[in-house]
Amino acid sequence: MLTTDDLRFFAAVAAAPSLAAAARHLNVSPPAVTQRLRALEARLGVRLMDRTGRRIILTDEGELLAERGRDVLDGLSELDDAFAERRGQVTGHLRVIAPLGFGRRHVAPVAAAFQAAHPQVKIDLVLSDRLSGVPASSWDLAVHVGETQMVSPSLIVRSLAANERILCAAPAYLDGRGMPSTPSELRAHACIALRENDEDVTLWRFRPLNGDAEERVRVEPNLASNDGEVIRGWALAGRGIIVRSEWDVAADLREGRLIRLLEGYALPAAPVVALFGSRHRQARAARTGRFFDALRKALDPIPWRSFDAPTPP
């Protein structure tokens, strides 16, 4: 008969890239992992894994045990959560994913404060700008900054804060190259692209505030990076024009280090939202809902809109 210890052991092995990695995670020796795995296979009368060199591949039976075992362990965890909630406690393991820059600046402090307020909660915060590459089954809450049309319809979306995209450049760049007056003029300027997600990052879209049709400009960036901090640094150094989230450049605009361009146009907004994946259970995981509330409180009022940016010359 399987025990919960068996299920937790196999879940750790199934999630690891190798038996050696599983041993490190379980804090035991690799031979101990191999011995226990063989004993489990003998007890069940099936082979759970195939070993190819250093890699391990789950058999059909292994996939079944991993999937059903996760369901059982999740069910037990939810039951613990339910009783803890009735006692007024917040417990359990909270897995959060957030974009690199925004996560460092706005999510990490909330995570630290939340864990301090709820010591029985363990938090894993993963920072990544490619949410699509992380299975929804591996996190409880994800913070997404950008258009929500690309978000899977299977996910629950809840708003956290408004956030615009802003076209801007440093005064040093504008002194040398001049300020564009229409989107089409950007083709003659040095543009910098941020390749942080699956969007078409060189097709810049502008909606005139007077209600005219959207204008699209295909730029040919002279510089590009997958790191927002890098492209912001390039812009501050006067290397070109960027499109960047309001949350990241608001302080630079206030202090005049960057100048907002084409104010008669709006770019597609990039709202900050929370996504709830398949691990989330409405009204069951108190930690997930309370962490969302803590995030929303930290972003209200919106930090990057505390002051108005100066009007460009």
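The values are calculated or read from the model by the stated rules, or taken from the named source; none is laboratory data. Given the structure is predicted, the values throughout are model-derived calculations rather than measurements. Here Cβ is always computed from backbone atoms with ideal geometry, including for glycine, and neighbour counts include all displayed protein chains.
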| The one condition in (1) in the same structural domain as Asp293 (by TED's automatic domain parsing); (2) surrounded by 14 or more Cβ atoms within 10 Å (Cβ to Cβ); (3) of a type in the set (Gly, Ala, Ser) that Ala169 fails to fulfil | (1)
| request: Find all pairs meeting these conditions: Cβ atoms under 8 angstrom apart; at least six residues apart or on different chains; first residue within region 9-20 and under 13 Å from Arg36 (Cα atoms); second residue modelled with pLDDT of 85 or more and not in a helix (DSSP H, G or I). | output: Phe10/Leu48; Val13/Met49
| Hits in region 102-118 (condition: of a type outside the set (Phe, Trp, Tyr) and touching a helix residue (DSSP H, G or I) at 6+ places or on another chain (Cβ under 6 Å)) | Val110
| said: With in a strand (DSSP E or B) and surrounded by 15 or more Cβ atoms within 10 Å (Cβ to Cβ) as the only criterion, which of Val249, Val217, Val201 stands out? | reply: Val217
| Within region 166-223, can you find the residues that are within 28 Å of Leu131 (Cα to Cα) and of a type in the set (Phe, Trp, Tyr)? | Trp204, Phe206
| Of the residues Arg38, Arg47, which is modelled with pLDDT of 85 or more and touching an Asp or Glu at 6+ places or on another chain (Cβ under 9 Å)? | Arg47
| Residues being outside any helix (DSSP H, G or I) and touching a residue at least 12 places away in the same chain (Cβ under 8 Å) - total across region 48-78 | 8
| note | The residue that is surrounded by the fewest Cβ atoms within 10 Å (Cβ to Cβ), considering only those in region 269-287 that are at pLDDT below 90 and either within 26 Å of Arg207 (Cα to Cα) or among the polar types (S, T, N, Q) (or both), is Gln282
| field | Considering residues of region 80-119 that are touching a strand residue (DSSP E or B) at 6+ places or on another chain (Cβ under 8 Å) and farther than 23 Å from Val272 by Cβ only, the residue modelled with the highest pLDDT | value | His93
| Boolean, Gly264 is more than 21 Å from Leu131 (Cβ to Cβ), without any contact (Cβ under 8 Å) to a residue 12 or more places away in the chain and not polar (S, T, N, Q) | no
| said: Between a residue in region 184-208 that is modelled with pLDDT of 90 or more and any residue that is outside any loop (DSSP other than H, G, I, E, B) and among the hydroxyl-bearing types (Ser, Thr, Tyr), which pairs come within a Cβ distance under 7 Å, given they are 6 or more apart or on different chains? | reply: Leu194/Ser225; Phe206/Tyr265; Arg207/Tyr265; Pro208/Tyr265
